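Read-outs throughout are calculated quantities, based only on the coordinates presented, and are distinct from any laboratory measurement. Small disclaimer: the values here were computed from a predicted structure and weren't measured. All Cβ positions, even for glycine, are placed from backbone atoms using ideal geometry, and neighbour counts span all protein chains on display.
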């Protein structure tokens, strides 16, 4: 009888322990389901982040400027201060390679969901195709994502629509810390996070001689990669040497219209903006700042977004913005600082019939009795035909600018 009771008690004991273990596991699972995500001061490393796929022999980033057509080389030689590369941060192949990895790495955002490349897609000439971009928590940015092509060739060096960043090295770290864009709480948090990812120490050592991950090196590497992204292989560039024998009559007329209607004064360089001249279609002189002849393009009479004026607090800068290049413009829709125009046709129509007078209006539109340049249907068609000749197909397929994590 005693042996029977002992066996029964033992069975009860085993069953009780099993129930306790099951309840404990269940509670842990339930608690894990209810655990909140990373707090605002945390910066988790993604589980087993995949290493970037990099070539055995580094791509040539140093020589990207050397691929310009002769007319552009001559223009650069005549305007040496146009290149804003600082003496302390020349492009190196190892530095730009690190910059490329950083540019596309979602680990640079707080929750590992966004990279610089999330808002700058190679196939869209490094824009993202939406009016305002989505940040790391799903909120949208205030302004349209600007293209990051030919940033090296902007004499004033300032960045963003409102030109609030003094140079590219300053600009590169700002979206990473922005509370909407990428959300990292501090540069120290960024450094700690990247130092814990296995592929970064050797990349930093190759680029800068030390495995130490610092925000200064991050800014310098990103800037090197961004300055290497150049675009000078469009049909326009190819046609200069033969007086545009590769153009249709409509494309030639579209170029002429941009010059006679003074569009190239803002969207190119003043010294070669007139009819019959070869415009660079770089932004050389008319940066967006109001130098006394106006730079406002008449989107609104009373600007809800003050643009550069929000930074300078000068009445003359209210409603003015950094002027973007027209290169690859057929790929960079939607247009304007707020992405209000979905198509090139919409943007051209604004200049044709939508100009609104205001105190800072550009001299090209000042005092107009009508609401724009009143382009005919053929004029608008020809202008758009020409703008498409500024598309550089090699830019959007070049592997040295592509996402190394794909």
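Based on Cα positions only, what radius of gyration and what Dmax would you give for segment 190-299, in angstroms?
Considering segment 190-299 through its Cα atoms, Rg and Dmax are 21.7, 58 Å.
Which value in nm describes the separation of the simple spin-label points at residue 123 and residue 111, placed 7 Å from the Cα toward the beta carbon?
2.6 nm
Could you give the semi-axes, largest first, of the ellipsoid that matches segment 351-406, computed as the square roots of 5 times the alpha carbon gyration tensor eigenvalues and rounded to whole Å?
37, 17, 8
How big is the gap, in Å, between the Cα center of segment 361-380 and the Cα center of segment 151-187?
About 34 Å separates the Cα centre of segment 361-380 from the one of segment 151-187.
Which of these, 88, 354, 367, has the largest mean-square fluctuation under a Gaussian network model of the chain (Cα springs below 10 Å)?
Residue with maximal mean-square fluctuation among 88, 354, 367: 88.
Can you give the FRET efficiency to the nearest 0.05 for residue 311 and residue 262, using r as the Cβ-Cβ distance and R₀ = 25 Å?
Result of the calculation: an efficiency of 0.40.
Work out Dmax and Rg for segment 64-232 from the C-alpha atoms and quote the Rg first, both in angstrom.
For segment 64-232, the Cα-based Rg and Dmax read 16.0, 47 Å.
Hey, in the GNM for the chain with a 10 angstrom Cα cutoff, which one of 327, 143, 220 fluctuates hardest?
Among 327, 143, 220, the largest GNM mean-square fluctuation belongs to 143.
Taking R0 as 25 Å, what's the FRET efficiency between residue 393 and residue 345 from their Cβ-Cβ distance, rounded to 0.05?
With R0 = 25 Å, the Cβ-Cβ based efficiency is 0.70.
Add -39500 (n - 2.57) for each DSSP H run of 4 or more in the chain, then divide by its residues: what number comes out at 222 nm, to the nearest 500 deg cm²/dmol?
The per-residue figure over the chain is -10500 deg cm²/dmol.
With N set to the number of residues, divide the alpha-carbon radius of gyration of segment 133-232 by 2.2 N^0.38 Å and report two decimals.
This ratio for segment 133-232 stands at 1.15.
For a Förster distance of 45 Å, can you work out the FRET efficiency between the beta-carbons of residue 240 and residue 206, rounded to the nearest 0.05?
The pair residue 240/residue 206 has a calculated efficiency of 0.75.
Taking only the alpha-carbon positions of segment 104-174 and ignoring solvent, what does the Debye formula give for the base-10 log of I(q)/I(0) at q = 0.15 Å⁻¹?
-0.52
Can you give me the P(r) profile for segment 235-390? Cα pairs, bins 5 angstrom wide beginning at 0, each as a whole percent.
For segment 235-390, the binned pair fractions read 2, 10, 17, 23, 22, 15, 8, 4, 1, 0 percent.
Take each of the peptides 133-139, 393-399, average the number of other beta-carbon atoms within 10 Å over its residues, and list them starting from the highest.
In decreasing order of mean packing, 133-139, 393-399 become 133-139, 393-399.
Identify which of 362, 288, 209 has the largest mean-square fluctuation in a Gaussian network model of the chain, with springs joining Cα atoms closer than 10 Å.
Sorting by GNM fluctuation, first place goes to 209.
Kirkwood Rh and Cα-based Rg: tell me the resulting Rg over Rh for the chain, rounded to two decimals.
Rg/Rh for the chain comes to 1.15.
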